[in-house]
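Report on the following structure.
The values are calculated or read from the model by the stated rules, or taken from the named source; none is laboratory data. Quick caveat: nothing in here was measured; it's all calculated off a predicted structure. Neighbour counts run over all protein chains shown; Cβ positions are idealised from the backbone, glycine included.
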Amino acid sequence: MTQYSLSDLGWSARLLAQLTPEEVETSNPARIATVARDRLGALAPDGPLTLIPASDTPSGAYCTGDWVLFDTASARVTRRLDPATELARRAAGTGSDRQLIASNVDTLGIVTSCNADFNPARLERYLALAASAGALPLVILTKADLCDDPGSYRTRAERLSPLVTAITLNATDTSDAEALAPWCRNGQTLVLLGSSGVGKSTLANALTGGAAATQSIREDDAKGRHTTTARGLHRTIHGGWLIDTPGMRALRLAGAAEGIDAVFSDLNDLAAQCRFSDCRHDTEPGCAVQDAIARGEIEPARLDRWRKLEREDARNSRTLHEARERDRALGKLYRSIKKDKHDLTGR
Ligand SMILES: Nc1nc2c(ncn2[C@@H]2O[C@H](COP(=O)(O)OP(=O)(O)OP(=O)(O)O)[C@@H](O)[C@H]2O)c(=O)[nH]1
Ligand SMILES: [Zn+2]
């Protein structure tokens with residue numbers, strides 16, 4: 001059985017600082033690898049273990065990459081430590097829940113291929129996600145071997161935002177996949193996100209020496225496509241960690257305003273120079289954004305994408321806010337019902 005030290009697992013001073021002196025004495029930290037309905041698969045210096053979620057938290061409150069403290073005797077989590085970074089999205093369906101994707105991620109590898117999958121609006125969405133989570137974005141352009149001019153895709157990706165580093169590679173060539181080593185060595189955690197079929201599993205296999213393949217389950221989804229369904233924390237051959245996630249066809253942002261600001265910082269800076277502080281950068285006089293478009297410095301399509309993403313985030317965040325308010329109101333109602341019941345029955 002392979003044993004990892006806490007620092008191998010990605011433990012840091014920032015996490016240690018969250019422990020009370022008593023917890024330092026009595027607690028054991030572990031890193032969450034898999035999340036099931038009522039069990040958490042974790043890695044600790046003593047080896048892999050199965051933990052039970054803390055009694056007041058559902059398993060949905062945890063995600064791959066989390067650090068938790070647990071009680072050895074009961075194997076129960078006592079506390080989820082605040083993650084350094086946390087990737088979340090708005091859950092699928094009509095609900096407005098925030099769904100955790102992964103945490104304590106150093107780099108968000110945004111995988112897309114040098115073909116029709118390349119989509120600036122979608123890339124910006126992932127970039128905003130990375131920026132709002134506090135993770136470093138890395139655009140990984142696969143299928144370079146099937147494309148005449150992969151360099152042009154890299155240029156287009158890097159032009160999207162000053163935050164972007166982009167690399168092109170053939171995911172099926174293991175020596176090409178080595179290019180990702182700097183982002184997944186020495187306890188560093190890399191997560192790969194992107195549409196189905198862009199090469200995430202292929203890269204995961206190359207980076208983990210095949211471990212990711214044997215640990216994940218592939219099954220047919222409703223439309224008969226093969227998708228990766230297991231999420232996990234896999235040791236890379238470079239000494240770091242890789243988090244593999246299922247294909248994400250719809251990434252809906254919520255509460256990512258800061259991330260969007262970061263990705264479109266150039267437009268934000270321009271907007272600050274518009275004559276009217278509430279300028280909509282449409283037909284207003286003295287609009288610095290429209291002036292930059294007229295000078296050919298900003299693509300009009302980029303302005304459209306910025307506004308669309310801002311509107312979407314505002315709408316989803318409002319729904320999130322409303323849902324939280326509703327929960328709060330319901331909580332109050334339940335408490336008052338309980339109190340009434342207690343007053344009536346003495347229980
Ligand atoms: N030629 C070439 N083929 C690639 C490359 N990347 C992936 N492929 C092929 O594309 C197909 C899909 O790759 P996967 O690694 O399964 O894609 P995925 O992103 O994991 O897909 P999901 O599991 O559905 O999310 C496989 O047949 C790969 O061999 C590449 O860079 N070059
Ligand atoms: Zn303006």
message = Exactly one condition in (1) modelled with pLDDT under 90; (2) within 30 Å of residue 14 (Cβ to Cβ) is false for residue 210; which is it?
response = (2)
query = residue 327 fails exactly one of the following numbered conditions: (1) more than 16 Å from ligand 1 (Cβ to nearest atom); (2) at pLDDT 65 or above; (3) not basic (Lys, Arg). What is the number of that condition?
reply = (2)
Options 113, 152; residue that is more than 16 Å from ligand 1 (Cβ to nearest atom) and among the hydroxyl-bearing types (Ser, Thr, Tyr) = 152
inquiry  = Which count do you get for residues in the range 122-146 that are away from ligand 1 (no atom under 12 Å from the Cβ) and more than 17 Å from the chain's Cα centre (by Cα)?
reply    = 0
ask   = Quick check: anything in the range 288-297 outside any helix (DSSP H, G or I), among the hydrophobic types (A, V, I, L, M, F, W, C) and outside the structural domain of residue 134 (by TED's automatic domain parsing)?
value = no
request  = For the range 126-179, name all the residues that are modelled with pLDDT of 95 or more and assigned to a strand (DSSP E or B).
outcome  = 138, 139, 140, 141, 142, 166, 167, 168
ask   = Restricted to the range 282-297, and to residues that are surrounded by 15 or more Cβ atoms within 10 Å (Cβ to Cβ) and either of a type in the set (A, V, I, L, M) or at pLDDT below 95 (or both), which residue is nearest to the chain's Cα centre (by Cα)?
value = 289
task = With the condition kept exactly as written, say whether any residue in the range 245-253 is closer than 30 Å to residue 178 by Cβ, surrounded by fewer than 21 Cβ atoms within 10 Å (Cβ to Cβ), modelled with pLDDT under 95 and away from ligand 1 (no atom under 16 Å from the Cβ).
result = no
task = Would you mind listing the strands (runs of 3 or more DSSP E) fully within the range 1-86 where at least 1 residues are out of contact with any Leu (no Cβ under 6 Å at 6 or more places or on another chain), among the aromatic types (Phe, Trp, Tyr) and assigned by TED's automatic domain parsing to the domain that holds residue 103?
result = none
ask   = Across the range 87-108, what is the total count of residues that are buried (at least 17 other Cβ atoms within 10 Å of the Cβ) and part of a loop (DSSP other than H, G, I, E, B)?
value = 4
Residue that is farthest from ligand 2 (Cβ to nearest atom), among those in the range 140-187 that are crowded, with 21+ Cβ neighbours inside 10 Å and closer than 16 Å to residue 242 by Cβ = 177
message = What pairs come out if I take residues in the range 12-24 that are without any contact (Cβ under 8 Å) to a residue 60 or more places away in the chain and pair them with residues that are exposed (fewer than 12 other Cβ atoms within 10 Å of the Cβ) and polar (S, T, N, Q) whose C-beta lies under 7 Å away, six or more apart or interchain?
response = none
